[in-house]
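Asker: Here it is, the structure in full.
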Amino acid sequence: MISYDRVQELKIIAARVRESIIEMLVSAGSGHTAGPLGFTDVLVALYFQTMKHNPKNPSWEHRDRFLLSHGHICPALYATMAHAGYFSKAELLTLRSFGSRLQGHPHREYLPGIETSSGPLGCGISQGVGMALGLQLQKNPARVFVGISDGELQEGNTWEALMLAAHYKLTNFVIILDRNHIQIDGFTENIVGLDPVADKMRAFNYEVAEVDGHNFEELEKVLHQKNTSGRPLFVIAHTTPGKGVKAFENKFEWHGKPPVDKEAYDALASLRSLEGALVAPHHH
Amino acid sequence: MNESPIKKEPSRHGFGRGLVEAARIHHNVVGLCADLTESTRMKEFKEEFPDRFFEVGVAEQNMAAVASGLAASGFIPVIASYAMFSPGRNWEQIRTTICYNNQPVIIAGHHTGLSVGSDGGSHQALEDIALMRVLPNMRVVSPCDSVEATQLMKLLVQNPKPSYMRLARSETEILTQQSDAVDLSSNTILYQSSNTAEVVIISTGVIGVEARYAAQALAQQGVSVALLNARILKPFPVEQLRFLMEQFGVTTIVTVEEHQRNGGLGSIIAELIADNGWSQKLLRIGVDDQFGQSGTVEELYKAYGLDRDSLTEKIKGFIG
């Protein structure tokens, strides 16, 4: 069980990561807003609670691996990694600029700690399967976590990979679905419907867990447990796109654009007031 | 020339042997196959190293990306399928997860060229060189026979980086010998009529057999000619070619390939001529913006002008 105090700490970290995301997007002048804010809590749970990793030694052999299949939400990954100590927070403002290690979509060779380059959708699970198979062959106890978007469930490659991971009964392998119901052209269920996702995954021989993707107690519970099911774990994390900034929440218009001027100022103000409110009961 | 009885074997058999021999030495070699273990000659590897073999089913896109993940864990994955599907179907996965990631995956593209035969045009890969050579970080090799395929396979494993090996289905004459020195930075002369050569024919892959017969026929008709086997297509050994052309006094280059004339070996040489300001005339022989079809190898070579007689006639006509 995760303590109340630890949950409060994680919430504060997540608020700071979200502030960084807004600052990065304003600085870059382009990029995605809703997705990064929506997946921030999952990333904070992974990098600050669940995963065994060492920011000072990103290639540590026994590290747990996290692959971001939906690379377009990388501002959240970069911000989480910077807050975790992989690199300086000042570097975050170089996002998407020429010569930056923080490419518009992640590039493995540019930034240590990025497990794979991503952006083109649908092949993150495949690469995670390859890593998980490799780790098993090496008798390395590390786990592989792959974050995927719901939109990329429409990619054929996704289902090829889902079948293979289940066939090989990979229990060192966890897929976390960022179920925010939006994609560029609208709501997923209006574009090409995905539901019932949980039933589909059970039919594909997955151990399925559904959690509130903003609830650290629930995330801790499913991500931390040892998988004894004999099936790979598929976590449906219900997330709110734009989470943390009321004006952005649940609006697919914020999928692919950054906030400007007053939008950004208001967003930062609301996140900072949230952070203050979270700190208050703990430290006073 | 080799006086011993002509031995024939498909180049893919050489790949299978090379993979096993390399895997015995390099314990981090793993194999992946998309439901074509027998015809891609991965069967022997699977039998000798069952723990290091992964069957992925009919899913070439997944195969490329899973291989990238295995490479990220420190392995040298070798993936095998027909070239129409890998790299034909999974080009973007190869670009993003193998080349952009710079992971040392070796892609064995089987059943390339018209010599696939009766399976027909859907299965005859005539575009794979173009698809692979355009990718940054990718190395492209194309053995002319099974002996060379074995040697190249071992070298690719010894020098791990993203690589594509082009292979053929039908059995063809062995043009090289095991004792031949093979490396990844030079091509090899298969035939020369004398110490000089007005014409250099550059062929790639098993069509080198037809090119060699054409070279011999031209020599008999008084043309001084050499045949260069382009086993290495990328990075192309440019300085070697420049040196040979100066040494031989070459005025005409002829390229011969079982591939579209656009984007393959002929294009490589045309680009080199343009980039280097070379003065040689160039004849590009290949498949001319068409798909293949069913037939015997002999029928298809003849129909598409790639048999020894057609090659001889075309080259004679070009040099006048």
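Asker: If you go through the range B:96-132 one residue at a time, how many are in contact with a Leu (Cβ under 6 Å, 6 or more places away or on another chain) and surrounded by fewer than 24 Cβ atoms within 10 Å (Cβ to Cβ)?
Answerer: Of the residues in that region, 1 qualify.
Asker: Another one. Is it true that some residue in the range A:76-99 is more than 17 Å from the chain's Cα centre (by Cα) and among the basic types (Lys, Arg)?
Answerer: Yes, the conditions are met somewhere in the range A:76-99.
Asker: Further question on the same structure: Can you tell me which residue is farthest from B:VAL206 (Cα to Cα) among those in the range B:218-273 that are assigned to a loop (DSSP other than H, G, I, E, B) and in contact with a Phe, Trp or Tyr (Cβ under 9 Å, 6 or more places away or on another chain)? Don't jump to the end; show me each part of the working.
Answerer: If we filter the range B:218-273 for residues that are assigned to a loop (DSSP other than H, G, I, E, B), which is where we start, we get B:221-224, B:230-231, B:235-237, B:249-251, B:261-264.
Pick out the ones that are also in contact with a Phe, Trp or Tyr (Cβ under 9 Å, 6 or more places away or on another chain) and you get B:224, B:230.
Details: B:SER224: 23, B:ALA230: 11 Å.
The selected residue is B:SER224.
Asker: Oh, and also: In the list A:GLY156, A:GLY151, A:GLY119, A:GLY186, which residue meets the criterion of being crowded, with 22+ Cβ neighbours inside 10 Å and among the small types (Gly, Ala, Ser)? Even if it seems obvious, please write down each step before you answer.
Answerer: Values: A:GLY156 fails: crowded, with 22+ Cβ neighbours inside 10 Å; A:GLY119 fails: crowded, with 22+ Cβ neighbours inside 10 Å; A:GLY186 fails: crowded, with 22+ Cβ neighbours inside 10 Å.
One residue alone meets the criteria, A:GLY151.
Asker: Related question: Return the pairs, sorted by first residue and then second, in which the second residue is in a helix (DSSP H, G or I) and charged (D, E, K, R), the first residue lies in the range A:9-31 and is touching a residue at least 12 places away in the same chain (Cβ under 8 Å), the beta carbons are less than 7 Å apart, and the residues are 6+ apart or on different chains.
Answerer: Listed by first residue and then by second, the contacts come to A:ILE12/A:GLU275; A:ALA14/A:ASP41; A:ALA15/A:GLU275; A:ARG16/A:GLU275; A:GLU19/A:ARG272; A:SER20/A:LYS89.
Asker: Of all the strands (runs of 3 or more DSSP E) wholly in the range B:27-137, which have at least 1 residues that are touching a helix residue (DSSP H, G or I) at 6+ places or on another chain (Cβ under 6 Å), more than 14 Å from chain A (Cβ to nearest Cβ) and of a type in the set (S, T, N, Q)? Before the answer, list the steps.
Answerer: Details: elements: B:29-33, B:53-55, B:76-82, B:106-110.
Filter on the range B:27-137 gives an empty set.
Asker: Could you identify the single residue in A:SER97, A:SER69, A:SER59 that is crowded, with 24+ Cβ neighbours inside 10 Å and either under 24 Å from A:PRO258 (Cβ atoms) or of a type in the set (Ser, Thr, Tyr) (or both)? If you could, list the steps in order and put the result at the bottom.
Answerer: Numbers: A:SER97 fails: crowded, with 24+ Cβ neighbours inside 10 Å; A:SER59 fails: crowded, with 24+ Cβ neighbours inside 10 Å.
One residue alone meets the criteria, A:SER69.
Asker: Right, next: Right, B:PHE318: in contact with a Lys or Arg (Cβ under 8 Å, 6 or more places away or on another chain), aromatic (Phe, Trp, Tyr) and part of a helix (DSSP H, G or I) or not?
Answerer: Values: in contact with a Lys or Arg (Cβ under 8 Å, 6 or more places away or on another chain): yes; aromatic (Phe, Trp, Tyr): yes; part of a helix (DSSP H, G or I): yes.
It is true that B:PHE318 is in contact with a Lys or Arg (Cβ under 8 Å, 6 or more places away or on another chain), aromatic (Phe, Trp, Tyr) and part of a helix (DSSP H, G or I).
Asker: Under the condition of being exposed (fewer than 15 other Cβ atoms within 10 Å of the Cβ) and not in a loop (DSSP other than H, G, I, E, B), which residue from the range B:286-315 is farthest from the chain's Cα centre (by Cα)?
Answerer: Kept after step one, since they are exposed (fewer than 15 other Cβ atoms within 10 Å of the Cβ), are these residues of the range B:286-315: B:288-291, B:296, B:298, B:309, B:313.
If we keep only those that are not in a loop (DSSP other than H, G, I, E, B) as well, we get B:298, B:309, B:313.
On the way: B:GLU298: 19, B:ASP309: 22, B:GLU313: 24 Å.
Among those residues, the one meeting the criterion is B:GLU313.
Asker: So which of B:ALA59, B:ALA80, B:ALA65, B:ALA72 is under 21 Å from the mean Cα position of the chain (by Cα) and either buried (at least 24 other Cβ atoms within 10 Å of the Cβ) or at pLDDT 95 or above (or both)? Don't jump to the end; show me each part of the working.
Answerer: On the way: B:ALA59 fails: under 21 Å from the mean Cα position of the chain (by Cα); B:ALA65 fails: under 21 Å from the mean Cα position of the chain (by Cα); B:ALA72 fails: under 21 Å from the mean Cα position of the chain (by Cα).
After ruling out the rest, the residue left standing is B:ALA80.
Asker: Going through the range B:18-35 one residue at a time, which ones are touching a Ser or Thr at 6+ places or on another chain (Cβ under 8 Å) and buried (at least 20 other Cβ atoms within 10 Å of the Cβ)?
Answerer: Selection gives B:GLY18, B:CYS33, B:ALA34.
Asker: Hey, among B:ILE201, B:ILE189, which residue is buried (at least 24 other Cβ atoms within 10 Å of the Cβ) and touching a residue at least 40 places away in the same chain (Cβ under 8 Å)? Walk me through how you get there before you give the answer.
Answerer: Numbers: B:ILE189 fails: buried (at least 24 other Cβ atoms within 10 Å of the Cβ).
That would be B:ILE201, the only listed residue that is buried (at least 24 other Cβ atoms within 10 Å of the Cβ) and touching a residue at least 40 places away in the same chain (Cβ under 8 Å).
Asker: Okay, moving on. State all residues of the range A:173-206 that are out of contact with any strand residue (DSSP E or B) (no Cβ under 6 Å at 6 or more places or on another chain) and part of a loop (DSSP other than H, G, I, E, B); if no residue qualifies, say none.
Answerer: Residues satisfying the conditions are A:ASN180, A:ILE184, A:ASP185, A:VAL192, A:GLY193, A:LEU194, A:ASP195, A:PRO196, A:PHE204, A:ASN205.
Asker: Residue check: is A:GLY124 closer than 16 Å to B:GLY69 by Cβ, facing another protein chain (nearest Cβ under 10 Å) and free of Cβ contacts under 8 Å to residues at least 12 places away in the same chain?
Answerer: On the way: closer than 16 Å to B:GLY69 by Cβ: yes; facing another protein chain (nearest Cβ under 10 Å): yes; free of Cβ contacts under 8 Å to residues at least 12 places away in the same chain: no.
When the stated conditions are applied, A:GLY124 does not pass them.
Asker: What pairs come up if the first residue lies in the range A:166-186 and is closer than 19 Å to A:HIS224 by Cα, the second is assigned to a loop (DSSP other than H, G, I, E, B) and basic (Lys, Arg), and their beta carbons are under 7 Å apart, counting only those six or more places apart or on different chains?
Answerer: A:LYS169/A:ARG231; A:ASN172/A:ARG143; A:VAL174/A:ARG143
Asker: What pairs come up if the first residue lies in the range B:170-185 and is within 30 Å of B:GLU299 (Cβ to Cβ), the second is assigned to a loop (DSSP other than H, G, I, E, B) and of a type in the set (D, E, K, R), and their beta carbons are under 6 Å apart, counting only those six or more places apart or on different chains?
Answerer: From the range B:170-185, the pairs are B:ILE174/B:LYS7; B:ILE174/B:ASP145; B:LEU175/B:ASP145; B:THR176/B:ASP145.
Asker: Collect the residues in the range A:146-172 that are under 16 Å from the mean Cα position of the chain (by Cα) and either more than 22 Å from A:THR40 (Cα to Cα) or part of a helix (DSSP H, G or I) (or both), keeping them in residue-number order.
Answerer: Residues of the range A:146-172 under 16 Å from the mean Cα position of the chain (by Cα): A:146-153.
Once the filter is applied, which keeps residues that are under 16 Å from the mean Cα position of the chain (by Cα) and either more than 22 Å from A:THR40 (Cα to Cα) or part of a helix (DSSP H, G or I) (or both), the range A:146-172 yields A:GLY151, A:GLU152, A:LEU153.
Asker: Among the residues of the range B:118-135, write down those that are within 11 Å of B:GLY292 (Cα to Cα) and charged (D, E, K, R).
Answerer: Step one: of the range B:118-135, the residues within 11 Å of B:GLY292 (Cα to Cα) are B:118-126.
Once the filter is applied, which keeps residues that are within 11 Å of B:GLY292 (Cα to Cα) and charged (D, E, K, R), the range B:118-135 yields only B:ASP119.
Asker: Among the hydrophobic types (A, V, I, L, M, F, W, C), farther than 28 Å from A:ILE236 by Cβ and in a loop (DSSP other than H, G, I, E, B), is that true of A:LEU92? Can you show your working first?
Answerer: Numbers: among the hydrophobic types (A, V, I, L, M, F, W, C): yes; farther than 28 Å from A:ILE236 by Cβ: yes; in a loop (DSSP other than H, G, I, E, B): no.
For A:LEU92, the condition - among the hydrophobic types (A, V, I, L, M, F, W, C), farther than 28 Å from A:ILE236 by Cβ and in a loop (DSSP other than H, G, I, E, B) - is not met.
Asker: Within the range A:60-89, how many residues are part of a helix (DSSP H, G or I) and not hydrophobic (A, V, I, L, M, F, W, C)?
Answerer: The first filter runs over the range A:60-89 and keeps only residues part of a helix (DSSP H, G or I), leaving A:71-84, A:89.
Pick out the ones that are also not hydrophobic (A, V, I, L, M, F, W, C) and you get A:71-72, A:75, A:78, A:80, A:83, A:89.
So the count comes out to 7.
Asker: Out of all the residues in the range A:270-283, is one or more surrounded by 13 or more Cβ atoms within 10 Å (Cβ to Cβ), in a loop (DSSP other than H, G, I, E, B) and out of contact with any strand residue (DSSP E or B) (no Cβ under 7 Å at 6 or more places or on another chain)?
Answerer: So in the range A:270-283, the residues surrounded by 13 or more Cβ atoms within 10 Å (Cβ to Cβ) come out as A:270-272, A:274-275, A:278-279.
Applying the additional criterion that residues be in a loop (DSSP other than H, G, I, E, B) yields none.
No, the conditions are met nowhere in the range A:270-283.
Asker: Is it true that some residue in the range A:77-98 is more than 24 Å from A:ILE12 (Cα to Cα) and within 8 Å of chain B (Cβ to nearest Cβ)?
Answerer: Among the residues of the range A:77-98, not one is more than 24 Å from A:ILE12 (Cα to Cα) and within 8 Å of chain B (Cβ to nearest Cβ), which makes the answer no.
The values are calculated or read from the model by the stated rules, or taken from the named source; none is laboratory data. Being a predicted model, the structure only gives us computed values, none of them experimental. Positions of Cβ are backbone-derived with ideal geometry, glycine not excepted, and every protein chain shown enters the neighbour counts.
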